[in-house]
Amino acid sequence: QVQLVESGGGLVQAGGSLRLSCAASGRNFRSNDMGWYRQAPGKQRELVATIQSGGSTNYADSVKGRFTISRDNAKNTVYLQMNSLKPEDTAVYYCYADITIFLPLRNNDYWGQGTQVTVSS
């Protein structure tokens, strides 16, 4: 079984920065696409950023130029550096990973437990 464990959320003032981390752990697996989604109260979950195993990235328009996604394949870890935070970035942030498990061979989507990010004005 594979688990995603997130860390790094918290409370920050507008204009501040936070860095989220998400580590995948388990046996006999490979992380493919990884990314971050968020869900604000009363809203649907939305994509924030994704990164392929080769490093190609994709961002929501609302975070372009402020957030940076990166990954360390050796550690099966994805990061989200969030700068110039705004109150509208307040949400629960969820880590996502498309995982290939080798024994037996199959692909599954995994989600982290979520971490709260609150930006005060």
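Comparing Ser17, Phe29, Trp111 along the charge dipole axis of the chain, the residue lying farthest to the positive side is Phe29, per the Cβ-charge model. Accessible surface for the chain, divided over its residues, is 53 Å² per residue with a 1.4 Å probe. Full extension of the segment from Thr68 to Ser120, taken as 0.36 nm per residue of separation minus the current Cα-Cα distance, would add 16.6 nm.
What percent does the relative contact order of the chain come to when contacts are Cα pairs within less than 8 Å and at least six residues apart? Averaging sequence separation for qualifying contacts and normalising by length gives 35 percent for the chain. Between the beta carbons of Ala40 and Gln3, assuming R0 = 22 Å, the FRET efficiency works out to 0.30 to the nearest 0.05.
Spacing of the modelled spin labels on Ser53 and Asn107, each 7 Å from Cα toward Cβ, amounts to 1.0 nm.
For a straight C-alpha distance cut-off of 30 angstrom, the lysines reachable from Lys43 (same-chain residues fewer than eight places away being disregarded) are Lys64, Lys86.
The values are calculated or read from the model by the stated rules, or taken from the named source; none is laboratory data. Computed from a prediction, not measured in an experiment: that's the story for all the values here. Here the Cβ is made from the backbone with ideal geometry for all residues, glycine too, and neighbour counts use every protein chain on show. With ligands, DNA and RNA removed, areas are computed over all heavy atoms of the protein, side chains included. Shrake-Rupley method; radii C 1.70, N 1.55, O 1.52, S 1.80 Å.
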